[in-house]
Structures are given as structure tokens and as C-alpha cells.
Amino acid sequence: MATVNTEKLSSARFAQATDVFVEEFTASVGFDRRMAQQDIRGSLAHAAMLNKIGILTDQELTDIQRGLAQISAEISRGEFVWSVKQEDVHMNIEARLTDLIGIAGKKLHTGRSRNDQVATDIRLYLRDEIHSILAQLHRLQLALLDKAEQEAETIMPGFTHLQVAQPVTFGHHLMAWFEMLARDKERFQDCLKRIDVMPLGSAALAGTSYPIDRFMTAELLGFTRPSNNSLDSVSDRDFAIEFAAAASLLMMHLSRCSEELVLWASAQFDFIDIPDAFCTGSSIMPQKKNPDVPELVRGKSGRVVGHLVALLMLMKSQPLAYNKDNQEDKEPLFDTADTVIHCLRAFADMVPHIEAKRDIMYLAAKRGFATATDLADYLVRKGMAFRDAHEVVGQAVRLGLTTNRDLAELSLDELRAFSDSISADVFDSLTLEGSVALRNHIGGTAPEQVKSAIAAARSVLTTPSL
Ligand code: ARG
């Protein structure tokens, strides 16, 4: 037998009080209170508009403003008493307002529904979170630029299939990460465009019979325009899914950077040192220093992608207009925003302290026949067809492997045995420095190009569109 809450009926419509468990089950205040400040901003704009069209007197508006200011302060100080009986953030604030100012508090909801209210709150909330994300992304990009500048001439092996492929500069590798993040930033900025639509006035689903001024409310809340269709705007959550998709792509990128950091910090690669502040030890193995920050970021990427899928499934097949299902959008969104901001922050804090072990990186590039393509390109420059050159170099690599030497360590005579097109100038191409310096075109790994890529990126970053 269900337990019934006898203290309070939900409204005059109900003959029976809500079951106590159902009350808790359907309440969202436990999590949507997170949007309290956005809810208050929305109410202030709505109240100002109601005053302008003559529904609230100047005195009522002043009372509402005073009451909401007090509520905002109570919430900020952690003194506000949240109640499950009031179901959600919207009803909690409205009930407290009525406690504080009386009848004017009861007038605030004129021409409004929680459906357009919550749709507005989420937009305001995501807009705020995206600005925080963009600020952290900016910090991380700056940190990468600084690090790339320090390492513009540092030679390391570049990999394909995780096998040594060709030498690259570490600065170039870091600038690849920078480019990934630049696209992520664009995606979040683009997402702001779809968020920039104001739902208030859509009321429950059909609009309202009051002579509301939706342009005024939009302007007060910093939105470019009111939404075009009331049914759509109380039910639309695409903008939230887009946010989760942008977040998922960003986290996918961070997981790739993390994976590389974890590999590079291992004793087997030993390319970098991650400072102690970003690592922890093992409770059993005293020698361990684990790269916890990148590992955790890699792990958290899965949970953000999970939220994207949860939101897509939440919206799939929902009929118009608002459905209670939508209450389930909050927790994935909040967790997505928190996770992304924390991961970006940890990365932005860590990157400046990553130490490149330049000698070890250099040796690793040397050991892996990383300049084999350069030898082939050299032969092409001497007139050989690329496929034939590929074959000749294969023979040279085999000799290097069997005699445990790098290509640059073979003698001129040994090399000439494979092709008499080879002369002493071949060694300019076989050194790692020569190899990277030759890739001197836009997007190439030559230190000169890396430095100009950094300079170009820096000038874009310092004129931010934040
Ligand atoms: N707590 C609800 C949500 O998060 C607010 C809107 C409720 N509207 C309704 N008609 N039950 O979606």
C-alpha cells in the first residue's frame, strides 16, 4: 500500500495527495537547484516584461525584485531551504518568493509555464557553462603554444601504426593538439548560436493569451531573438545534444592526448616527465609514479560520450510538446559541463610542467630508420622513380637492421652498392635535423614552419572572440 503525504495536496485538482515515494521520484530539486541563479534571472526578465504590459504594478515589480534578490543571496550563502514537496527549482523559488512578498509572488507565473521556464533556464545555464569551457580551452591552448615554442626544434619520432615513421618536431606534435582544440572551440562557439533563442512566452506549449512582449524578455536576457514556434521551443533539446556532442568530441581529443602522455611517460618510451604534482604512487609498489591525470581524463571521456547517447535516447521518439522525460536532461548536462571544465583545467595546469626528455626522443627517432623516406626522396631528386627508390631504401634498411646501424651510420660505399646515384651529399638528408628542415612548407614539421604556425595561432588567440 502506498504511503500518502497528508500534509499537502499538489493542487485543488487532486482529491488525493501524492504518494510519498512518487513525490521524491518525480522531484528534480535535488539536482535542478543548480540552475537557481539562471531561474532567478529568467523570472526578473519575465516580471519586468509583465510590468511593462501592465500586468504587474511598479510596486509589485519592486517587491518581486527585492524578494528574488534576497532569495538569490540566501542560495549563494547556502541558507535557502530546499523542499522536495515543492518538486523543482522553479516551484521552490516561487514558493519562497510568495512567503517573502505575498500576493505579488503569486502573480509572477502569469503568462508563463514551467515548460518555457525550464527551457529558458537550460539555455541560460549552458550559455554560462560554455563561456567557462571556452575560457579553460583558451588557457590550455595558450599553454600548448608556450610548450610548442620551447620544443619547436626538439626532434622526436613521428608514428603511424605506433611504429616509428618519420622524424617530427615535438613542437609540431603539440601544435597538432592545438589544432584539435581549435576545432572544439569552434564547435562550442557554434553551439552558442543555437542556444541563442529565447523560449519564454511559449508558456506550456501554445503560447499565452496575455499581450506579452517576447522581444523585450529576449533582450533583457541577452538573447538575439524569441523562438519562432511555441511547441518547438518547449520541447527542443537539440541545442543540449549539440553541446554534449561538442563535449564528446573534445573529450575524445583529450583522451587521445592523454593516451600519448601515458605512453610517453612509461619507462619503455621515457619521452617525458610528468611532474609529481600530477601523478600518484602505488599503495603496494614503492617504485611507481602513475600518470593519474591523463589516465583519469582518458577514462572520463567515456562518461561524457555516455551522456551524449543518453540525451539522444531521451529525445528519440518523444511526441510534441513538453514531456516529463525532459527532466532527465539535467544530470547528464551538468555532469558533462563539470567533467569538461575539470579535465580542461587539469590539462591546462599540467601542460606547462611537462618536461620533454629531448635526448631520449632524439635517440628514439634515430633508432627507428625514421629517415628512410628521406633517402627515397633523395634518390627521386637524383632521377630515380619513387617505386624503385622505395626498393633501394628497403635494401639499405635491411643492411642497417642486420648490422644494427642507423642509415646515417652506413658508409658511402655501402650505400653506393645499392645505387650509384648516391653521393656524399646523401648524409644531409639522412640526419634527423636535415629531414625535418626539408619539410618546410605550410603545415610541415620544419622548426621554421612550427614557429610561424605558433605565431599565427598566437595572434588569433590574443584577439579572442570570447
Ligand atoms: N522539473 C521540470 C523539468 O525539469 C520542470 C518542468 C515541469 N513541467 C511540467 N509540466 N511538469 O523538466
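Of note, Leu312 satisfies the criterion of being of a type outside the set (Val, Ile, Thr), surrounded by fewer than 17 Cβ atoms within 10 Å (Cβ to Cβ), touching a residue at least 40 places away in the same chain (Cβ under 8 Å) and away from the ligand (no atom under 16 Å from the Cβ). The helices (runs of 4 or more DSSP H) found entirely in the range 330-403 that carry 3 or more residues being under 33 Å from the mean Cα position of the chain (by Cα), under 30 Å from Ile122 (Cβ atoms) and not acidic (Asp, Glu) are 330-350. Within the range 59-79, identify whether any single residue is surrounded by 22 or more Cβ atoms within 10 Å (Cβ to Cβ), at pLDDT 95 or above and within 20 Å of Pro211 (Cβ to Cβ), and answer yes or no. Yes, some residue in the range 59-79 is surrounded by 22 or more Cβ atoms within 10 Å (Cβ to Cβ), at pLDDT 95 or above and within 20 Å of Pro211 (Cβ to Cβ). Scan the range 322-336 and report the pairs whose first residue is under 25 Å from Arg112 (Cα atoms) and whose second residue is within 10 Å of the ligand (Cβ to nearest atom) and acidic (Asp, Glu), with Cβ atoms within less than 7 Å and a gap of 6+ or a chain change. These pairs meet every condition: Lys330/Asp32. Could you please let me know if Leu461 is in contact (Cβ under 8 Å) with a residue 12 or more places away in the chain, more than 26 Å from Phe159 (Cβ to Cβ) and surrounded by 14 or more Cβ atoms within 10 Å (Cβ to Cβ)? When the stated conditions are applied, Leu461 passes them.
Listed by first and then second residue, the pairs linking a residue in the range 32-46 that is of a type in the set (A, V, I, L, M) and more than 15 Å from the ligand (Cβ to nearest atom) to a residue that is in a helix (DSSP H, G or I) and at pLDDT 95 or above, with Cβ atoms under 7 Å apart and 6 or more places separating them unless they lie on different chains, are Ile40/Leu68; Ile40/Ile71; Ile40/Ser72; Ile40/Ile93; Leu44/Gln65; Leu44/Leu68; Ala45/Thr217; Ala45/Leu220.
When Ser202 is tested against (1) in contact with a strand residue (DSSP E or B) (Cβ under 8 Å, 6 or more places away or on another chain); (2) within 16 Å of the ligand (Cβ to nearest atom), only condition (1) is not met. Restricting the first member to the range 117-140 and to residues that are within 17 Å of Glu186 (Cβ to Cβ) and away from the ligand (no atom under 16 Å from the Cβ), and the second to residues that are in a helix (DSSP H, G or I) and at pLDDT below 95, the beta-carbon pairs closer than 7 Å and six or more apart or on different chains are His138/Leu461. Can we say Ile93 is in a helix (DSSP H, G or I), at pLDDT 95 or above and either out of contact with any Ser or Thr (no Cβ under 9 Å at 6 or more places or on another chain) or more than 16 Å from the ligand (Cβ to nearest atom) (or both)? No, not satisfied.
The values are calculated or read from the model by the stated rules, or taken from the named source; none is laboratory data. Because the structure is predicted, anything quoted here is derived from the model rather than measured. Every residue, glycine among them, receives a Cβ derived from its backbone with ideal geometry; neighbour counts consider all protein chains shown.
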